[in-house]
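Here the structure is laid out as structure tokens; the discussion comes afterwards.
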Amino acid sequence: MGACIDIQGNPLYNEPIRLVYQHLGTLKVTNIMTSINGTTGVNYYFNIVNPSGHVVKQLNIWGVALFRFIEYLVIYSILLSMLVPMFKLVRNIKLKKES
């Protein structure tokens, strides 16, 4: 869910994308807002730009969403690996108090 909502990312979440494509140039994220009949839409464009300013690669939104999905999996895995032992400890303490 979060990967879909935070598709534009922030410098921290965009860092893996930048690292993967750093040999081609720098990552530039731009957005274009359009309003039609009172509805506003935002399109995000992830471009790899070379030093002269030319776009050498444009990442499609599905590729960016895949990066986000993997990032969230890693974050959740780290959180769970820290929380599960803590929950087990709390449960063991609670069981010892009951007996």
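Structural remarks
- Local charge for residue 28 was computed over the other residues whose Cβ lies under 15 Å away, with Lys and Arg +1 and Asp and Glu -1, and equals +1.
- Candidate cross-link partners of residue 97 among the lysines, defined by an alpha-carbon separation under 26 Å and a same-chain spacing of 8 or more, comprise 88.
- Around the Cα centre of region 1-90, unit charges on the Cβ atoms of Lys, Arg, Asp and Glu (plus for the first two, minus for the last two) sum to a dipole of about 80 debye.
- The residues of the chain expose on average 78 square angstrom of accessible surface per residue, using a 1.4 Å probe on protein heavy atoms.
- Listed options for Kirkwood radius over Cα pairs in Å are (i) 18.8; (ii) 16.5; (iii) 13.9. The value calculated from this structure is the one marked (ii).
The values are calculated or read from the model by the stated rules, or taken from the named source; none is laboratory data. No experiment lies behind these values; they were computed from the predicted model shown. When we count neighbours, we look across all protein chains shown, and the Cβ atoms used for this are built from the backbone with ideal geometry, even at glycine. Just the protein is used for accessible areas: all its heavy atoms, side chains included, with ligands, DNA and RNA removed. Shrake-Rupley method; radii C 1.70, N 1.55, O 1.52, S 1.80 Å.
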